[in-house]
1. What does the charge dipole of the range 194-278 about its Cα centre add up to, to the nearest 20 debye, if the Cβ of each Lys and Arg holds +1 and the Cβ of each Asp and Glu holds -1?
2. Just want the answer: with Cβ charges of +1 for Lys and Arg and -1 for Asp and Glu, which residue in Ala76, Ala92, Ser120 is farthest toward the dipole's positive end in the range 38-131?
3. Within the accessible area of the range 61-178, what % is carbon and sulfur when the probe is 1.4 Å and the other protein chains stay in place?
4. Among Gln184, Asn363, Ser374, which residue has its Cα furthest toward the positive end of the charge dipole of the chain, with +1 on Lys/Arg Cβ and -1 on Asp/Glu Cβ?
5. For Phe244 and Lys169, what is the calculated FRET efficiency with R₀ set at 56 Å and r taken between the beta-carbons, to the nearest 0.05?
6. Counting each DSSP H run of 4 or more residues in the chain as -39500 (n - 2.57), what helix-only mean residue ellipticity at 222 nm follows after dividing by all residues, to the nearest 500 deg cm²/dmol?
7. Report the residue, chosen from Thr53, Thr117, Thr155, that carries the largest GNM mean-square fluctuation when the chain is represented by alpha-carbon nodes joined by springs under 10 Å.
8. Put a dot 7 Å past each Cα toward the Cβ at Leu105 and Phe60; how far apart are the dots in nm?
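The values are calculated or read from the model by the stated rules, or taken from the named source; none is laboratory data. Here the structure is a predicted model, which is why all the values come from computation and not from measurement. Backbone-built Cβ (ideal geometry, glycine too); neighbour counts: all protein chains shown. The accessibility values were calculated without ligands, DNA or RNA, using every heavy atom of the protein model including side chains. Shrake-Rupley method; radii C 1.70, N 1.55, O 1.52, S 1.80 Å.
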Amino acid sequence: MKLPTMSKQAMYNYFFMIVLLQAQATILNTVVYAEEHCDFPAIFNFGDSNSDTGGYAAAFNPPTSPFGETYFHMPAGRFSDGRLIIDFIAEAFGLPYINAYLDSLGANFFHGINFATASSTIRLPNSVVPNGFFSPFYLDLQYSQFEQFKSRSQTIRERGGLLASLMPKGEYFPKALYTFDIGQNDLGEGFFANLTIQEVNASVPDIVDKFSANIKKIYSLGARSFWVHNTGPLGCLPYILTAFSSAEKDSAGCLKPYNEVAQYFNLKLKEAIALLRNEFPSAAFTYVDIYSVKYSLFAEPQKHGFEHPLVTCCGYGGQYNYSAKVRCGGTITVNGTNIFVGSCGHPSIRVVWDGVHYTEAANKFIFDQISSGSFSDPHVPLKRACQITTSKEKLHI
(Lines give C-alpha, C1' and ligand atoms only; values in the text may rest on other atoms or scores of the structure.)
Protein backbone atom coordinates (compact mmCIF):
# COMPACT_ATOMS: atom_id res chain seq x y z
CA MET A 1 0.00 0.00 0.00
CA LYS A 2 1.38 3.34 -1.03
CA LEU A 3 1.28 6.05 1.61
CA PRO A 4 0.16 9.51 0.51
CA THR A 5 2.96 12.00 0.10
CA MET A 6 3.00 15.31 1.98
CA SER A 7 3.68 18.58 0.18
CA LYS A 8 6.37 20.94 1.39
CA GLN A 9 3.74 23.44 2.50
CA ALA A 10 1.87 20.76 4.45
CA MET A 11 5.10 19.64 6.14
CA TYR A 12 5.87 23.24 7.04
CA ASN A 13 2.40 23.69 8.56
CA TYR A 14 2.74 20.40 10.45
CA PHE A 15 6.07 21.27 12.05
CA PHE A 16 4.88 24.83 12.75
CA MET A 17 1.91 23.44 14.68
CA ILE A 18 4.19 21.09 16.66
CA VAL A 19 6.45 23.98 17.65
CA LEU A 20 3.46 26.15 18.54
CA LEU A 21 1.93 23.44 20.72
CA GLN A 22 5.24 22.91 22.49
CA ALA A 23 5.53 26.64 23.15
CA GLN A 24 1.99 26.75 24.49
CA ALA A 25 2.70 23.80 26.75
CA THR A 26 5.78 25.55 28.09
CA ILE A 27 3.78 28.70 28.79
CA LEU A 28 1.02 26.74 30.48
CA ASN A 29 3.53 24.91 32.64
CA THR A 30 5.06 28.21 33.66
CA VAL A 31 1.68 29.64 34.59
CA VAL A 32 0.73 26.56 36.61
CA TYR A 33 4.04 26.78 38.46
CA ALA A 34 3.58 30.47 39.07
CA GLU A 35 0.12 29.97 40.50
CA GLU A 36 1.32 27.54 43.14
CA HIS A 37 1.90 28.83 46.65
CA CYS A 38 5.15 28.18 48.46
CA ASP A 39 5.07 25.79 51.38
CA PHE A 40 7.66 27.34 53.68
CA PRO A 41 8.25 25.01 56.64
CA ALA A 42 10.26 27.62 58.55
CA ILE A 43 11.24 31.29 58.67
CA PHE A 44 14.72 32.59 59.45
CA ASN A 45 14.73 36.31 60.21
CA PHE A 46 17.53 38.87 60.42
CA GLY A 47 17.03 42.47 61.46
CA ASP A 48 16.52 45.13 64.10
CA SER A 49 13.63 46.20 66.35
CA ASN A 50 11.20 46.24 63.44
CA SER A 51 11.26 42.44 63.59
CA ASP A 52 12.76 41.64 67.01
CA THR A 53 10.53 39.12 68.82
CA GLY A 54 12.56 38.96 72.00
CA GLY A 55 16.27 39.01 71.27
CA TYR A 56 17.04 42.36 72.86
CA ALA A 57 14.72 41.58 75.76
CA ALA A 58 16.60 38.36 76.48
CA ALA A 59 20.05 39.94 76.29
CA PHE A 60 19.45 43.34 77.88
CA ASN A 61 16.52 45.29 79.32
CA PRO A 62 13.14 43.96 78.19
CA PRO A 63 10.34 46.36 77.25
CA THR A 64 7.86 46.75 80.09
CA SER A 65 4.14 47.49 80.29
CA PRO A 66 2.31 48.84 78.29
CA PHE A 67 4.34 47.17 75.51
CA GLY A 68 2.39 44.18 74.19
CA GLU A 69 -0.92 45.31 75.65
CA THR A 70 -3.03 45.04 72.50
CA TYR A 71 -2.49 41.43 71.49
CA PHE A 72 -0.35 39.65 74.07
CA HIS A 73 -1.82 41.60 77.03
CA MET A 74 1.67 41.68 78.49
CA PRO A 75 5.20 42.60 77.37
CA ALA A 76 6.27 40.02 74.78
CA GLY A 77 9.76 41.15 73.82
CA ARG A 78 8.42 43.27 70.96
CA PHE A 79 8.78 47.02 70.65
CA SER A 80 5.12 47.61 69.89
CA ASP A 81 1.75 47.31 71.54
CA GLY A 82 1.27 44.00 69.77
CA ARG A 83 2.34 42.01 66.76
CA LEU A 84 5.02 42.93 64.26
CA ILE A 85 5.12 42.39 60.51
CA ILE A 86 7.20 39.24 61.02
CA ASP A 87 4.42 37.86 63.22
CA PHE A 88 1.86 38.40 60.47
CA ILE A 89 4.22 36.73 57.98
CA ALA A 90 4.36 33.67 60.22
CA GLU A 91 0.57 33.67 60.55
CA ALA A 92 0.20 33.81 56.77
CA PHE A 93 1.92 30.43 56.47
CA GLY A 94 0.21 28.87 59.45
CA LEU A 95 3.46 28.86 61.40
CA PRO A 96 3.92 29.76 65.08
CA TYR A 97 5.59 33.04 65.95
CA ILE A 98 9.33 32.57 65.67
CA ASN A 99 11.36 32.71 68.86
CA ALA A 100 14.48 34.78 69.30
CA TYR A 101 17.83 33.02 69.06
CA LEU A 102 18.94 34.69 72.28
CA ASP A 103 15.86 33.57 74.22
CA SER A 104 16.80 30.38 76.05
CA LEU A 105 13.59 30.06 78.08
CA GLY A 106 10.81 28.03 76.50
CA ALA A 107 11.97 28.61 72.93
CA ASN A 108 10.96 26.28 70.11
CA PHE A 109 12.96 26.61 66.89
CA PHE A 110 11.33 23.81 64.89
CA HIS A 111 9.65 26.25 62.49
CA GLY A 112 12.38 28.87 62.41
CA ILE A 113 14.36 31.31 64.45
CA ASN A 114 14.81 35.06 64.80
CA PHE A 115 18.28 36.62 64.95
CA ALA A 116 17.00 40.22 64.98
CA THR A 117 17.65 42.44 67.98
CA ALA A 118 16.53 45.99 68.61
CA SER A 119 19.13 48.66 67.77
CA SER A 120 20.98 46.30 65.42
CA THR A 121 22.89 47.63 62.44
CA ILE A 122 24.32 46.20 59.24
CA ARG A 123 27.82 47.52 59.93
CA LEU A 124 29.68 47.28 63.22
CA PRO A 125 28.44 50.29 65.25
CA ASN A 126 30.80 52.70 66.95
CA SER A 127 29.23 52.18 70.38
CA VAL A 128 27.17 49.35 71.81
CA VAL A 129 25.02 48.58 74.82
CA PRO A 130 25.63 49.13 77.74
CA ASN A 131 28.07 51.95 76.96
CA GLY A 132 26.22 53.10 73.87
CA PHE A 133 22.86 52.91 72.14
CA PHE A 134 23.36 50.18 69.53
CA SER A 135 23.14 46.42 69.80
CA PRO A 136 26.37 44.44 69.56
CA PHE A 137 24.49 41.91 67.41
CA TYR A 138 25.05 43.59 64.07
CA LEU A 139 24.40 41.67 60.85
CA ASP A 140 27.80 39.93 60.73
CA LEU A 141 27.13 38.44 64.16
CA GLN A 142 23.59 37.49 63.21
CA TYR A 143 25.05 35.57 60.28
CA SER A 144 27.56 33.88 62.63
CA GLN A 145 24.72 32.90 64.94
CA PHE A 146 22.84 31.40 62.01
CA GLU A 147 25.92 29.50 60.86
CA GLN A 148 26.36 27.99 64.32
CA PHE A 149 22.66 27.31 64.70
CA LYS A 150 22.46 25.40 61.45
CA SER A 151 25.29 23.10 62.46
CA ARG A 152 24.49 22.67 66.15
CA SER A 153 20.74 22.21 65.63
CA GLN A 154 21.40 19.20 63.43
CA THR A 155 23.80 17.72 65.97
CA ILE A 156 21.04 18.00 68.56
CA ARG A 157 18.55 16.34 66.20
CA GLU A 158 20.96 13.45 65.64
CA ARG A 159 21.23 12.88 69.38
CA GLY A 160 17.47 12.56 69.69
CA GLY A 161 15.42 13.24 72.78
CA LEU A 162 13.17 16.14 73.71
CA LEU A 163 15.52 18.86 72.45
CA ALA A 164 15.63 17.28 69.00
CA SER A 165 11.95 18.07 68.48
CA LEU A 166 12.67 21.77 69.10
CA MET A 167 15.15 22.01 66.22
CA PRO A 168 14.34 22.39 62.50
CA LYS A 169 14.86 19.45 60.18
CA GLY A 170 17.89 19.71 57.93
CA GLU A 171 15.66 19.82 54.85
CA TYR A 172 13.99 22.98 56.15
CA PHE A 173 17.02 25.20 55.57
CA PRO A 174 16.88 25.28 51.74
CA LYS A 175 13.07 25.34 51.80
CA ALA A 176 12.65 28.13 54.38
CA LEU A 177 11.82 31.79 53.87
CA TYR A 178 14.67 34.15 54.80
CA THR A 179 13.43 37.59 55.80
CA PHE A 180 15.42 40.78 56.32
CA ASP A 181 14.50 44.18 57.80
CA ILE A 182 17.62 46.12 58.75
CA GLY A 183 19.41 49.36 57.87
CA GLN A 184 17.41 52.00 59.70
CA ASN A 185 19.88 52.15 62.58
CA ASP A 186 22.89 52.50 60.31
CA LEU A 187 21.40 55.75 59.03
CA GLY A 188 20.34 56.79 62.52
CA GLU A 189 23.84 56.24 63.85
CA GLY A 190 25.13 58.73 61.31
CA PHE A 191 22.43 61.28 62.09
CA PHE A 192 23.03 61.18 65.83
CA ALA A 193 26.80 61.29 65.37
CA ASN A 194 26.21 64.76 63.90
CA LEU A 195 27.24 63.75 60.40
CA THR A 196 25.83 65.90 57.65
CA ILE A 197 23.18 64.55 55.32
CA GLN A 198 25.84 64.34 52.62
CA GLU A 199 28.16 62.37 54.89
CA VAL A 200 25.43 59.88 55.81
CA ASN A 201 24.61 59.50 52.12
CA ALA A 202 28.27 58.82 51.41
CA SER A 203 28.21 55.92 53.87
CA VAL A 204 25.28 54.20 52.17
CA PRO A 205 27.17 52.26 49.45
CA ASP A 206 29.41 50.64 52.05
CA ILE A 207 26.44 49.80 54.27
CA VAL A 208 24.70 48.11 51.34
CA ASP A 209 27.89 46.29 50.34
CA LYS A 210 28.10 44.84 53.84
CA PHE A 211 24.47 43.74 53.55
CA SER A 212 25.13 42.01 50.22
CA ALA A 213 28.18 40.25 51.62
CA ASN A 214 26.07 38.70 54.36
CA ILE A 215 23.36 37.68 51.91
CA LYS A 216 25.99 35.82 49.89
CA LYS A 217 27.22 34.00 52.99
CA ILE A 218 23.68 33.04 53.98
CA TYR A 219 23.11 31.80 50.42
CA SER A 220 26.24 29.66 50.71
CA LEU A 221 24.61 27.92 53.70
CA GLY A 222 21.65 26.87 51.60
CA ALA A 223 19.18 29.78 51.68
CA ARG A 224 17.22 30.14 48.45
CA SER A 225 14.18 32.34 49.17
CA PHE A 226 14.97 35.92 50.24
CA TRP A 227 12.32 38.48 51.24
CA VAL A 228 14.04 41.84 51.81
CA HIS A 229 12.32 44.93 53.24
CA ASN A 230 13.74 48.33 52.45
CA THR A 231 13.85 50.96 55.19
CA GLY A 232 10.98 53.24 56.16
CA PRO A 233 10.54 57.04 56.16
CA LEU A 234 12.76 57.94 59.11
CA GLY A 235 11.88 61.61 58.79
CA CYS A 236 8.31 60.85 59.85
CA LEU A 237 9.20 59.28 63.20
CA PRO A 238 9.06 61.43 66.36
CA TYR A 239 12.54 60.48 67.53
CA ILE A 240 13.91 62.07 64.35
CA LEU A 241 11.36 64.90 64.25
CA THR A 242 12.26 66.06 67.76
CA ALA A 243 16.03 65.69 67.38
CA PHE A 244 16.28 67.57 64.08
CA SER A 245 13.27 69.85 64.22
CA SER A 246 14.84 72.65 62.18
CA ALA A 247 15.07 70.55 59.01
CA GLU A 248 12.80 71.20 56.05
CA LYS A 249 9.38 69.52 56.28
CA ASP A 250 7.31 68.09 53.48
CA SER A 251 3.53 68.28 53.02
CA ALA A 252 2.99 65.40 55.47
CA GLY A 253 5.02 67.14 58.18
CA CYS A 254 7.96 64.74 57.81
CA LEU A 255 11.58 65.86 57.62
CA LYS A 256 12.38 65.86 53.92
CA PRO A 257 16.22 65.55 54.02
CA TYR A 258 16.07 62.54 56.34
CA ASN A 259 13.52 60.77 54.20
CA GLU A 260 15.67 61.45 51.16
CA VAL A 261 18.56 59.63 52.82
CA ALA A 262 16.27 56.65 53.43
CA GLN A 263 15.19 56.78 49.79
CA TYR A 264 18.82 56.80 48.64
CA PHE A 265 19.56 53.79 50.85
CA ASN A 266 16.56 52.03 49.32
CA LEU A 267 17.73 52.82 45.79
CA LYS A 268 21.15 51.30 46.44
CA LEU A 269 19.57 48.32 48.22
CA LYS A 270 17.30 47.65 45.24
CA GLU A 271 20.29 47.79 42.91
CA ALA A 272 22.16 45.37 45.15
CA ILE A 273 19.26 42.91 45.15
CA ALA A 274 19.18 43.04 41.36
CA LEU A 275 22.87 42.17 41.24
CA LEU A 276 22.36 39.30 43.68
CA ARG A 277 19.50 38.02 41.55
CA ASN A 278 21.79 37.92 38.52
CA GLU A 279 24.67 36.36 40.44
CA PHE A 280 22.52 33.62 42.00
CA PRO A 281 19.88 32.64 39.42
CA SER A 282 18.89 29.56 41.44
CA ALA A 283 17.58 31.75 44.29
CA ALA A 284 14.48 33.92 44.57
CA PHE A 285 15.13 37.51 45.70
CA THR A 286 12.17 39.76 46.46
CA TYR A 287 12.77 43.43 47.23
CA VAL A 288 9.86 44.88 49.22
CA ASP A 289 9.12 48.61 49.10
CA ILE A 290 7.95 49.01 52.66
CA TYR A 291 8.88 52.72 52.56
CA SER A 292 5.99 53.62 50.24
CA VAL A 293 3.42 51.81 52.37
CA LYS A 294 4.65 53.35 55.60
CA TYR A 295 4.80 56.83 54.10
CA SER A 296 1.18 56.54 52.96
CA LEU A 297 0.20 56.25 56.63
CA PHE A 298 1.68 59.69 57.29
CA ALA A 299 0.57 61.30 54.04
CA GLU A 300 -3.02 59.97 53.98
CA PRO A 301 -3.85 58.65 57.46
CA GLN A 302 -7.62 59.21 57.31
CA LYS A 303 -7.83 57.26 54.06
CA HIS A 304 -6.47 54.23 55.88
CA GLY A 305 -8.41 54.68 59.13
CA PHE A 306 -5.71 56.37 61.22
CA GLU A 307 -5.33 59.74 62.91
CA HIS A 308 -2.54 61.93 64.34
CA PRO A 309 0.14 59.94 62.49
CA LEU A 310 3.11 62.00 63.73
CA VAL A 311 2.06 61.89 67.38
CA THR A 312 3.38 59.13 69.63
CA CYS A 313 0.75 56.90 71.24
CA CYS A 314 2.87 55.90 74.22
CA GLY A 315 5.01 58.90 75.08
CA TYR A 316 5.16 62.19 76.93
CA GLY A 317 5.61 65.84 76.09
CA GLY A 318 5.92 68.22 73.18
CA GLN A 319 4.35 68.49 69.77
CA TYR A 320 4.88 64.81 69.01
CA ASN A 321 4.20 63.47 72.53
CA TYR A 322 7.77 62.20 72.62
CA SER A 323 10.85 62.89 74.71
CA ALA A 324 14.20 61.12 74.66
CA LYS A 325 14.38 61.74 78.41
CA VAL A 326 11.47 59.46 79.27
CA ARG A 327 10.23 56.64 77.10
CA CYS A 328 7.11 54.53 76.92
CA GLY A 329 6.68 52.60 80.16
CA GLY A 330 8.87 54.98 82.12
CA THR A 331 8.06 57.46 84.89
CA ILE A 332 8.68 61.19 84.97
CA THR A 333 8.33 63.57 87.92
CA VAL A 334 6.43 66.77 87.16
CA ASN A 335 5.90 69.31 89.94
CA GLY A 336 6.58 66.66 92.55
CA THR A 337 4.18 64.18 90.99
CA ASN A 338 5.29 60.91 89.40
CA ILE A 339 3.66 60.41 86.01
CA PHE A 340 3.64 57.01 84.34
CA VAL A 341 4.17 57.22 80.58
CA GLY A 342 1.39 54.99 79.33
CA SER A 343 -0.53 54.22 76.21
CA CYS A 344 -3.00 56.46 74.43
CA GLY A 345 -6.62 55.40 74.55
CA HIS A 346 -6.90 53.95 71.05
CA PRO A 347 -3.67 52.53 69.59
CA SER A 348 -5.78 50.81 66.93
CA ILE A 349 -6.12 54.13 65.09
CA ARG A 350 -2.60 55.39 65.70
CA VAL A 351 0.47 54.89 63.54
CA VAL A 352 3.44 55.42 65.87
CA TRP A 353 3.61 53.48 69.11
CA ASP A 354 6.57 54.80 71.12
CA GLY A 355 8.16 57.44 68.90
CA VAL A 356 10.39 54.95 67.10
CA HIS A 357 8.23 51.94 66.29
CA TYR A 358 4.82 51.29 64.78
CA THR A 359 1.60 50.13 66.40
CA GLU A 360 0.18 46.68 65.75
CA ALA A 361 -2.58 48.29 63.69
CA ALA A 362 -0.01 50.00 61.47
CA ASN A 363 2.02 46.81 61.20
CA LYS A 364 -1.08 44.89 60.12
CA PHE A 365 -1.91 47.51 57.49
CA ILE A 366 1.65 47.40 56.18
CA PHE A 367 1.63 43.61 56.05
CA ASP A 368 -1.67 43.52 54.17
CA GLN A 369 -0.23 45.82 51.50
CA ILE A 370 3.16 44.18 51.01
CA SER A 371 1.93 40.58 51.14
CA SER A 372 -0.05 41.09 47.93
CA GLY A 373 3.07 41.67 45.88
CA SER A 374 1.97 45.14 44.78
CA PHE A 375 5.03 46.70 46.41
CA SER A 376 7.52 44.00 45.49
CA ASP A 377 10.19 43.76 42.82
CA PRO A 378 9.47 41.52 41.05
CA HIS A 379 5.70 41.70 41.71
CA VAL A 380 5.66 38.49 43.71
CA PRO A 381 3.12 37.94 46.52
CA LEU A 382 4.52 36.73 49.81
CA LYS A 383 3.06 33.26 49.34
CA ARG A 384 5.00 32.86 46.10
CA ALA A 385 8.30 34.24 47.35
CA CYS A 386 10.06 30.94 46.61
CA GLN A 387 9.47 31.24 42.88
CA ILE A 388 12.24 32.42 40.61
CA THR A 389 11.32 34.85 37.88
CA THR A 390 13.17 37.33 35.72
CA SER A 391 10.24 38.92 33.92
CA LYS A 392 6.73 40.11 34.72
CA GLU A 393 5.34 38.01 31.86
CA LYS A 394 6.03 34.84 33.83
CA LEU A 395 3.80 35.97 36.68
CA HIS A 396 0.05 36.30 36.27
CA ILE A 397 -1.01 38.17 39.41
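1. In debye, rounded to 20, the range 194-278 gives about 460.
2. Of the candidates, Ser120 comes out farthest on the positive side.
3. Numbers: 2900 of 5350 Å².
Using a 1.4 Å probe with all protein chains present, the range 61-178 comes out at 54 percent carbon and sulfur.
4. Ser374
5. On the way: r = 48 Å, r/R0 = 0.86.
About 0.70, to the nearest 0.05.
6. Details: 11 runs with 150 residues, N = 397.
Taken over the chain, the calculation gives -12000 deg cm²/dmol.
7. In this elastic network of the chain, the residue with the biggest mean-square fluctuation among Thr53, Thr117, Thr155 is Thr155.
8. 1.9
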